[in-house]
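Enquirer: Submitted below is the structure of interest, expressed as structure tokens.
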Amino acid sequence: MSITLERPETTEKDATPIAVRPGRVEIHDVWKSYAGVPVLRGVSLDIEPGEVVAILGPSGSGKSTLLRTINHLETIDRGSVTVDGEFIGYARRGDRLHELRESEVLKRRTSVGVVFQNFNLFPHLTALENITAAPLALRRATKAEAREQAQALLERVGLGDKGARYPRQLSGGQQQRVAIARALALDPQVLLFDEPTSALDPELVGEVLSVIRDLADSGRTLVIVTHEIGFAREVADRVVFLDEGELLEQGPPSEVLVNPRHPRTQEFLAKVLA
Amino acid sequence: MSVADDTTTRPADGGANAEQGATASTAPAANRNRDRVDLSAVKVVPTRHWFRWVFGAVVVFVVAQLIWTLFTNDKYDWGTFGQYFFSETVVNGLVLTLQLTVGATVIGFGLGILLAAGRLSKSWILSSASWAYIWFFRSVPLVVQLVVWYNLGYLFPQIGLGTPFTYDFWIVQVDTVTLISQMAAAFLGLGLHQAAYSAEIIRGGLLSVDSGQLEAAGALGLPRRVRFFRIVLPQAARSIIPNAANEVISLVKGASVVFVIALPELFYAVQVIYNRNSRVIPLLIVAVVWYTIVVTLLSIGQYYLERHYAKGSVRVLPPTPLQRARHWTRVQWARLGDGDPAAVPATTSTPDPTRSTDRRAR
């Protein structure tokens, strides 16, 4: 099976009925605490297919945790998280949620790709092998197809000649770009970015952001936890501000970043933009 | 380093820029003069390590003395050594030692992986059972275990399958004495003992793998089996192998405890011979040399295994001793033939520009 890299461009976002376009994320009244300390307190957030959402907030505000609940890397205490109407970690039968077997969870997770702050590339595999690992393990492609697709993805992130390198032999920015290519290998509808540039030297941030910028136009749903306010303003359709586990404010970047209404948002932006 | 800094640290700086230091410390004004010296042309004198030379000389002397005694002390009785080195009893003993090592390694590490997985399991029954196994088999001396296994017949004269909680074995029944031979007792004792230690080594290796790796593998939807065998275990292997090799090597020699159940492995075989002819030293040397050979082979294996799993953990793998030797010969050969030694390509396995320039500089 060949995997389409570029989704056909829709001229108007609403041209296709929403039910048909995959990539809808619905987060409803999510609560989560670690050892009694609340991390998320009743967060609700609906993300449209193809939308680019930036989650901002001070450290410890629960933004990474929120992101990780989307593909069940983090379990929740209350509420629900669905991707295209499906629970990632549970199956609904009547009015009960049944925890799914791990193999089921894994299958459903493949529709959501994750890019981590620390890249988490597999150090003992080459860049190309990192990308082909999932398609091969899930029997989505033959060896030749997987390699071809991986090469195409590497070229897309500007690393066509680095396939044989091991992660340690690449710069941070290059590693993160390989990680993005790896997340794309299963052609997920939703891509989650957990502070993708926080571990990078300042001069390497740009190359990673430009790859993400290209992805924003590909029709995938992107959820990005970031500290790069300028980037959020440029790329995001919507900015969400989280503080102490609560969603305080959301809206288009031109509103939230320019005229924040909530005092906490104002305070945060004043600090960050100072 | 700044110029001011330079002057103050110079006396302690030792050899490195000794001539420079002298001028600099005589007058502070020299600082300005120093700027005019073309530093790129200044010769660097490496630090001399006198103590290394002194101790090196002592070591060489002692070793030379020892080697000299090997040739001059006829109590070593090299004739007897040669006579028994390949004798049937000794070779059979060696084979038995190797069999015990391989068997105990397979049982020990096979069971060890299961025990390590058990200890890391979320099921408290499995994790406490693994913990209890490890606790028990690390507590009981190996010698005691071997004797108990060998004499299991006293405890359970028959072993079999039948109605649970009775001794009515109506499906299968065997006499323990026929089931557990000397060999079986040795394999059981060594293997079960080894499993307790290997389990901890493997568990340590698994724990050393960054949790982000599991998370990334999980996020990619990799099935559990793939995650364990393709992602976690190869990375854990890096820290498992040095310890595991230690264990295998100590098994080679540790296997000699099976003398308590009268199995004629290498050391026992040698003892039998010198008890007959009382040539203790030459026969002990026979055993020592054989052990040394086996351990050398194992160490070489360990080196290459470690190298295999070091893939990706360092930017460039250093060349193997063999590659280095080959390169050295080629360079010498090029010198002989009036060729340019620098033109010899770098060693084969991992082409890397930094290393080859490094070698040329020497």
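The values are calculated or read from the model by the stated rules, or taken from the named source; none is laboratory data. Everything quoted here is computed from the prediction, not taken from an experiment. Please note: Cβ atoms are built from the backbone with ideal geometry, for glycine as well, and neighbour counts cover all protein chains shown. Heads up: the accessible areas ignore ligands, DNA and RNA and are worked out on the full protein's heavy atoms, side chains in. Shrake-Rupley method; radii C 1.70, N 1.55, O 1.52, S 1.80 Å.
Enquirer: Quick one: check the C-alpha center-to-center distance for the stretch B:44-86 versus the stretch B:152-188, whole angstrom.
Expert: 55 Å
Enquirer: If you take the square roots of the eigenvalues of the alpha-carbon gyration tensor of the stretch B:87-268 and sort them as a ≥ b ≥ c, do you get rounded (a/c under 1.5), prolate (a/b over b/c) or oblate?
Expert: Details: a/c = 2.56, a/b = 1.41, b/c = 1.82.
It is oblate, given that a/c is not under 1.5 and a/b is not larger than b/c.
Enquirer: Another question, if that's okay. Output the peptides A:77-89, B:73-85 sorted from most to least packed, where packing is the average of other Cβ atoms within 10 Å over each peptide's residues.
Expert: A:77-89, B:73-85
Enquirer: Looking only at other chains, what is the average number of their beta-carbon atoms within 10 angstrom of each beta-carbon in A:65-73? All intermediate terms of the calculation are to be shown ahead of the outcome.
Expert: On the way: counts 0, 0, 0, 2, 0, 0, 3, 2, 4.
Whole-number average of other-chain Cβ neighbours for A:65-73 is 1.
Enquirer: Here is a further query. Other chains' Cβ within 10 Å of A:117-126 residues: what's the mean?
Expert: Per residue, the number of nearby Cβ atoms from other chains is 6 on average.
Enquirer: Please list log₁₀ I(q)/I(0) at q = 0.35 Å⁻¹ for the stretch B:149-188, using the Debye equation with identical point scatterers on the alpha-carbon positions.
Expert: Those come out to -1.08, one per q.
Enquirer: Here is a follow-up. Can you give the FRET efficiency to the nearest 0.05 for B:ARG276 and B:VAL147, using r as the Cβ-Cβ distance and R₀ = 25 Å?
Expert: Taking R0 as 25 Å, the efficiency between B:ARG276 and B:VAL147 is 0.45.
Enquirer: When only Cα pairs under 8 Å and 6 or more residues apart are kept, what is the percent relative contact order across the stretch B:87-268?
Expert: Computed over the stretch B:87-268, the figure is 36 percent.
Enquirer: Under the rule a/c < 1.5 gives rounded, and otherwise a/b versus b/c splits prolate from oblate, where does the stretch A:167-245 land using the Cα gyration tensor?
Expert: Because a/c hits 1.5 or more and a/b fails to exceed b/c, the stretch A:167-245 counts as oblate.
Enquirer: So, one more: How big a patch of accessible area, both sides summed and in Å² to the nearest 100, lies buried between B and A at a 1.4 Å probe?
Expert: 2200 Å²
Enquirer: I've got another one for you. Give me the dipole magnitude in Debye, nearest 20, for the protein assembly as shown about the Cα centre, with unit charges on the beta carbon: positive for Lys and Arg, negative for Asp and Glu.
Expert: Charge dipole, the protein assembly as shown, about its Cα centre: 1780 debye, nearest 20.
Enquirer: If you count, for every residue in B:298-308, the Cβ atoms of partner chains within 10 Å of its Cβ, what is the mean?
Expert: Working: counts 0, 0, 0, 0, 0, 0, 0, 0, 0, 0, 1.
Average per residue, whole number: 0.
Enquirer: Please give the peptides A:64-70, A:94-100 ranked by average Cβ packing (other Cβ atoms within 10 Å per residue), highest first, as a rough proxy for protection. Walk me through the numbers before you get to the answer.
Expert: On the way: A:64-70: 23.0, A:94-100: 10.4.
Final packing ranking: A:64-70, A:94-100.
Enquirer: May I pose another question? Please sort A:152-161, A:200-209 by packing, taking for each peptide the average over its residues of neighbouring beta carbons within 10 angstrom, highest first.
Expert: Peptide ranking by packing, descending: A:152-161, A:200-209.
Enquirer: Give me the percent of DSSP beta bridges within the stretch A:175-274 that run antiparallel, rounded to the nearest 5.
Expert: DSSP beta bridges in the stretch A:175-274 are roughly 50 percent antiparallel.
Enquirer: Per the 1.4 Å probe, what fraction of the accessible area of the protein assembly as shown, in percent, lies on carbon and sulfur atoms? Let's see the in-between values first.
Expert: Numbers: 20890 of 34820 Å².
The computed percentage sits at 60.
Enquirer: Follow-up question, since we're still on this one. Quick one: Debye curve from the C-alpha atoms of the stretch B:97-138, no solvent, what's log10 I(q)/I(0) at q = 0.23 Å⁻¹?
Expert: Calculated log10 I(q)/I(0) at the listed q: -0.72.
Enquirer: Right, another one. Bins of 5 Å, beginning at zero and ending with the bin holding the largest distance: percent of Cα pairs per bin for the stretch A:39-116, please.
Expert: Reading the bins upward from 0: 3, 13, 25, 25, 20, 10, 4, 0.
Enquirer: Rg to Rh for chain A: what is it, with Cα atoms only and Rh by Kirkwood?
Expert: Using only Cα positions, Rg/Rh for chain A is 0.96.
Enquirer: Which lysines does A:LYS143 reach when only Cα atoms under 29 Å apart count, and residues fewer than 8 places away in its own chain are ignored?
Expert: Cα-Cα hits under 29 Å: A:LYS107, A:LYS162, B:LYS311.
Enquirer: Can you give the relative contact order of chain A as a percent, counting alpha carbon pairs under 8 Å and 6+ residues apart?
Expert: Result for chain A is 25 percent.
Enquirer: Where a Cα-Cα gap under 23 Å defines reach, which lysines qualify for A:LYS63, not counting those fewer than 8 residues away within the same chain?
Expert: A:LYS32, A:LYS271
Enquirer: Antiparallel DSSP bridges in the protein assembly as shown: what percent, to the nearest 5?
Expert: Just about 60 percent of them are antiparallel.
Enquirer: Further question on the same structure: Is the C-alpha gyration tensor of the protein assembly as shown telling us rounded, prolate or oblate? Criteria: a/c under 1.5 is rounded; beyond that, a/b larger than b/c is prolate, otherwise oblate.
Expert: oblate
Enquirer: Assign unit charges at the C-beta atoms only (+1 for Lys and Arg, -1 for Asp and Glu), then state the dipole size of chain A relative to its Cα centre in Debye, rounded to the nearest 20.
Expert: Roughly 840 debye for chain A.
Enquirer: Could you report the protein assembly as shown's accessible area per residue, 1.4 Å probe, as an integer in Å²?
Expert: Here the per-residue accessible area is 55 Å².
Enquirer: Continuing with this model, one more query. Using helices alone, what [θ] at 222 nm do you get for chain A, with -39,500 (n - 2.57) per DSSP H run of 4 or more residues, divided over all residues and rounded to the nearest 500?
Expert: For chain A, the value works out to -10000 deg cm²/dmol.
Enquirer: Please list, in order, the residues from the stretch A:232-248 whose amide nitrogen is less than 14 Å from a point placed 7 Å along the Cα→Cβ vector of A:SER33.
Expert: What the label zone holds, given the 14 Å backbone N cut-off, is A:245.
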